[in-house]
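The values are calculated or read from the model by the stated rules, or taken from the named source; none is laboratory data. Computed from a prediction, not measured in an experiment: that's the story for all the values here. Cβ placement follows ideal geometry from the backbone for every residue including glycine, while neighbour counts extend to all protein chains displayed. Please note that ligands, DNA and RNA were not included when accessible areas were found on the heavy atoms of the full protein model with its side chains. Shrake-Rupley method; radii C 1.70, N 1.55, O 1.52, S 1.80 Å.
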Amino acid sequence: MEGLFVNGLTDRQASVLAHFVKNLGLKTDTMHYFKTEQFLEDKSSIDVVVFEPTDEFEYYLITTTGLSAYQFSQDFAPAELFMLLPPSWKMDFEKAEYAWPVYFLQDIAYNIVENKMFVFPYQVYRSSEKKYLAGTDTVGGVVVFPEMLNIEILEEKIFDTYTRFFQLMPLNKQELAKIDDIGVKDYVDFDLHDADGPKLVVKEPMIKKGATAIDKIIEHNENSLKGK
């Protein structure tokens with residue numbers, strides 16, 4: 001894979017990207033690479049990469065690359081986190097309503113390292129007590145198995161150990177409160193699943209442009225049906 005990626009990548013970072021290319025059919029010539037500052041003198045930066053959809057894989061995939069360089073316990077495998085965005089997502093990084101997943105994933109990754117946390121399914125990360133990124137009401141995330149994807153995506157041997165690849169679902173304040181109420185396992189097993197399968201793709205941004213009179217009537221009726 002040498003020569004396909006941006007300059008300055010570590011061997012681990014290149015291996016992480018190669019893992020997605022090999023197992024999902026993603027392409028490096030249409031990916032967007034976001035470099036960050038080096039976190040520690042003896043460690044690499046934790047960068048974020050956005051892969052555009054291909055004929056083989058219809059979603060945008062956004063992933064950390066370099067998080068797995070940090071392992072705080074031998075009981076937990078080194079890991080990277082990724083998110084799936086719908087194919088209609090606009091890759092307009094100048095607009096907050098579309099660019100926020102890049103900064104959110106970066107913030108979660110650095111929060112994990114700063115607090116020497118572990119990455120494993122059902123782990124909940126809280127990045128803020130209130131909305132902190134323009135364009136979204138996301139304040140945290142929960143780690144889940146990448147069950148929408150083929151089993152090969154789950155791990156890759158990089159150097160002498162296996163690196164795990166887990167999916168991260170963003171959470172808003174209400175969803176975090178529900179997790180506190182019913183428990184994270186029930187939230188993942190039931191709220192993120194329905195008759196059509198798991199709902200593990202990040203929702204399109206909701207941009208309110210001023211409600212019309214008919215919009216207000218519809219909202220009132222919907223709330224009445226829900227018992228509000």
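Quick notes on this one:
- In segment 212-224 there is at least one residue that is over 19 Å from Phe104 (Cβ atoms), outside any helix (DSSP H, G or I) and at pLDDT below 90.
- Number of the exception - Arg164 against (1) assigned to a loop (DSSP other than H, G, I, E, B); (2) open to solvent by 50 Å² or more (accessible area, probe 1.4 Å); (3) touching a helix residue (DSSP H, G or I) at 6+ places or on another chain (Cβ under 8 Å): (1)
- Across segment 32-54, the qualifying residues are those that are modelled with pLDDT of 95 or more and in a loop (DSSP other than H, G, I, E, B), and the one among them that is least open to solvent (accessible area, probe 1.4 Å) is Thr54.
- Within segment 45-57, residues that are closer than 19 Å to Leu105 by Cα reach partners that are of a type in the set (Asp, Glu) and part of a loop (DSSP other than H, G, I, E, B) with beta carbons closer than 9 Å, at six or more positions or on different chains, in the pairs Ser45/Glu37.
- Test result for Arg164, at pLDDT below 95 and either under 18 Å from Thr65 (Cβ atoms) or charged (D, E, K, R) (or both): no
- Within segment 62-118, being open to solvent by less than 10 Å² (accessible area, probe 1.4 Å), of a type in the set (Phe, Trp, Tyr) and not in a strand (DSSP E or B) holds for Trp89, Phe104.
- Only one entry in Leu81, Leu67, Leu61 is of a type in the set (A, V, I, L, M) and farther than 15 Å from Ile108 by Cα, namely Leu61.
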